[in-house]
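The values are calculated or read from the model by the stated rules, or taken from the named source; none is laboratory data. Everything quoted here is computed from the prediction, not taken from an experiment. Ideal geometry is used to build each Cβ from the backbone, glycine not excepted, and the neighbour counts take in all protein chains shown.
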Amino acid sequence: MSPRPLPRVVVVGTSAGGVTALGQLLAALPADLPVPVLIVLHLPRDRPSRIAGLLDPGCSLPVLEAEDKQPLRRGTVIFAPPDYHLLVEDERTLALSCDAPVVFSRPAIDPLFESAAAVFGADVLAILLTGASQDGSEGIAAVRAAGGLAWLQCPEEAEASTMPAAALQHAGADAVLPLEQLCQRLKEMFS
């Protein structure tokens, strides 16, 4: 059996406790990462986000806030902006959407994961971290149904266990790991 090819995109979702978890995850990314990393962090809709600027200094890759029709670039970390869903439009382009909130959130994780699975199929690695809602469960199910990989932060060590626990119960996972081990596995995957 031949080894599984590397993912062509990494998608990450988180909410409560996510800033700390993302800081650790982004610090583990190699400077020569050959894929884009797309992130949804639940954000307040009524004010600008400073998350990209906050996390950029700790990451060896550029960290940006998404713009509509932005090209999908390898070696770049892109965050959903406040009050927009971030979607993978096709293999080269991102889109922003004002569609209704999902599980009370916009941006929401499910639309990102589902659109990535629709475009990239088995070439997606979806990572769901700490969070206090069930957003992400349907997206993890879509990624796994398309043959992609789903990694969850171990609910017992997550700051807020609801999100990874709900996804595990709803869709299962290819790995359930403490954050430190998840970061290490991600680093090893692309080294």
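Listing for the model above:
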{"read-out": "Selection status of Ser191, at negative phi, out of contact with any strand residue (DSSP E or B) (no Cβ under 6 Å at 6 or more places or on another chain), modelled with pLDDT of 95 or more and hydroxyl-bearing (Ser, Thr, Tyr)", "value": "no"}
{"read-out": "Any hit, the range 125-132, residues being in contact with a Leu (Cβ under 6 Å, 6 or more places away or on another chain), closer than 28 Å to Pro101 by Cβ and of a type in the set (S, T, N, Q)", "value": "no"}
{"read-out": "Residue under evaluation Thr93, criteria (1) farther than 23 Å from Ser133 by Cα; (2) surrounded by fewer than 18 Cβ atoms within 10 Å (Cβ to Cβ); (3) touching a helix residue (DSSP H, G or I) at 6+ places or on another chain (Cβ under 9 Å), criterion not met", "value": "(3)"}
{"read-out": "Residues located in the range 67-83, provided they are within 19 Å of Thr14 (Cα to Cα) and either touching a Pro at 6+ places or on another chain (Cβ under 6 Å) or among the β-branched types (Val, Ile, Thr) (or both)", "value": "Thr76, Val77, Ile78, Ala80"}
{"read-out": "Which listed residue is at negative phi, among the small types (Gly, Ala, Ser) and under 16 Å from the mean Cα position of the chain (by Cα), from Ala100, Ala126, Ala145", "value": "Ala126"}
{"read-out": "Qualifying residue in the range 1-20 (condition: more than 16 Å from Pro107 (Cα to Cα), of a type in the set (D, E, K, R) and buried (at least 18 other Cβ atoms within 10 Å of the Cβ))", "value": "yes"}
{"read-out": "The range 162-183: number of residues that are over 11 Å from Leu128 (Cα atoms) and among the small types (Gly, Ala, Ser)", "value": "2"}
{"read-out": "Identity of the residue in the range 133-191, among the polar types (S, T, N, Q) and in a helix (DSSP H, G or I), that ends up surrounded by the fewest Cβ atoms within 10 Å (Cβ to Cβ)", "value": "Gln169"}
{"read-out": "Candidates Asp135, Asp90, filtered to the one that is farther than 19 Å from Ala21 by Cβ and at pLDDT 95 or above", "value": "Asp90"}
{"read-out": "Top-ranked residue of the range 102-128 - restricted to ones that are touching a Pro at 6+ places or on another chain (Cβ under 7 Å) and either in contact (Cβ under 8 Å) with a residue 40 or more places away in the chain or among the polar types (S, T, N, Q) (or both), ranked as surrounded by the fewest Cβ atoms within 10 Å (Cβ to Cβ)", "value": "Asp123"}
{"read-out": "Close pairs (6 angstrom Cβ cut-off, 6 or more residues apart or separate chains): within 15 Å of Pro36 (Cα to Cα) in the range 54-67, charged (D, E, K, R) and surrounded by fewer than 18 Cβ atoms within 10 Å (Cβ to Cβ) anywhere", "value": "Val63/Asp56"}
